[in-house]
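Okay, structure first, notes after.
The values are calculated or read from the model by the stated rules, or taken from the named source; none is laboratory data. This structure is a prediction, so every number in the text was calculated from the model and none was measured. Neighbour counts are summed over all protein chains in view; Cβ atoms, including those assigned to glycine, are modelled from backbone coordinates with ideal geometry. Areas reflect the complete protein model, heavy atoms only, side chains present, ligands, DNA and RNA absent. Shrake-Rupley method; radii C 1.70, N 1.55, O 1.52, S 1.80 Å.
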Amino acid sequence: MRKTPLLAALVCLLVCALVAPAAGAASSNRAKRDEARRQRAKLAVQLNAAKATDKQLAQAVAALDTQVAAQDAATKAAESAAGAADVAVTQAEARLAGTTGRIGKLREKLARRAVSAYMRPAGETVIEVLDSRDLGEVSRRATMLRRVASNDRDVLDQLHAAQQDETIQRETMTNARQLAQERRGAARARLNELTDAQAQQRRVRARLDARIRDYAQEANDVAAVEADLSAKIRADDQRLAAQSSGASFDGGKVSGAGLIWPVRGPINSPFGMRWGRMHQGIDIGAGTGTPIHAAKAGTVTFAGTMSGYGNVVIITHSGGLSTLYAHQSRIAVSGGPVSQGQVIGYVGSTGHSTGPHLHFETRIDGTPQDPLRYLP
């Protein structure tokens, strides 16, 4: 008769166990991993996309992709947990309703027994036993009275057990409702986090896509003029006499190849393959209007606008070397000889460019080479 309350108590303990947080090293490591992901995503959001290097921008997108995937999984898990909690509420309500109905029936049964006892007092039943005609009838009537009394006790025991069940199940239902409410709140919070992460992901990815589009267009334009440009550089190199490198620019360290840095700043994009296309120089980050210096003494063989490059200056040096300075906001030379360190223009973002920087190239006989091999 007492098994039902015990089972209900076990169910309650199981529900509480579901609410309790996971313990141990696995939970701690998972928390550390999630925190690391959140920190990477936070740094990605704070990234200045206009000044970021290609690698930084790609890493930011990757970090946000990871964060969005994690938030999506967490949102689905929270929604699943909330759904499970709702099912637990429904089941708890059904069990409570069943127990309440059983209590009502037991009470009705006891009420009928009470009415019967009132209508036939115990004294009358004893008289009926005494009025029996023989001992056999006396035994039968006495057994019947004992069964009636036993049934009454059973009904009372059943009612008491049902009331205990009702108390436990009502508490279980209250806990289940509270858990469902908490999980619904957690699911809403996760959904908000996912929405924010997706918005941040779209913003940074749009920056990266724009940079890739601009670079592809620049690469296409440069490829279109590459043959003419290489031929022009070779012709100019042949036409010009070998020139001395001259004195080094004050304040600028000269490399073994005789070059100085044309501007100072971070390399936002290196020489080499980039997004499936060849990047024929390096992009040096600098603010609009920053003076650009001739990396080496030579002769200006081109100063003007060129497709993709925007405002560009080409200087031919001795030994088949030429240098190119693109995306200038303003050109400060028109032609003729220049000395090392002389200002030849100013940093800008003309042509196909996503922000102010100097695109700097070094070429040998018109073929692009990695500028870092020639710079100090």
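Observations, loosely collected:
- Selection count, the stretch 265-300, where residues are of a type outside the set (A, V, I, L, M), assigned to a strand (DSSP E or B) and more than 16 Å from Pro368 (Cβ to Cβ): 6
- Residues (part of a strand (DSSP E or B), open to solvent by 40 Å² or more (accessible area, probe 1.4 Å) and of a type in the set (A, V, I, L, M)) located in the stretch 330-350: Ile331, Val343
- From the options Asp152, Asp214, residue that is open to solvent by less than 70 Å² (accessible area, probe 1.4 Å), touching a Ser or Thr at 6+ places or on another chain (Cβ under 6 Å) and modelled with pLDDT under 80: Asp214
- Looking only at the stretch 314-346, residues that are in contact with a Pro (Cβ under 7 Å, 6 or more places away or on another chain) and not aromatic (Phe, Trp, Tyr) come to 1 in all.
- Some residue of the stretch 351-364 being small (Gly, Ala, Ser), in contact (Cβ under 8 Å) with a residue 40 or more places away in the chain and part of a strand (DSSP E or B): no
- Selection from the stretch 58-99 of residues that are more than 30 Å from Ala206 (Cα to Cα), of a type outside the set (Gly, Ala, Ser) and open to solvent by less than 60 Å² (accessible area, probe 1.4 Å): Asp86, Val89, Leu96, Thr99
- Residue within the stretch 312-323 that is touching a Gly at 6+ places or on another chain (Cβ under 9 Å), open to solvent by 20 Å² or more (accessible area, probe 1.4 Å) and assigned to a strand (DSSP E or B) present: no
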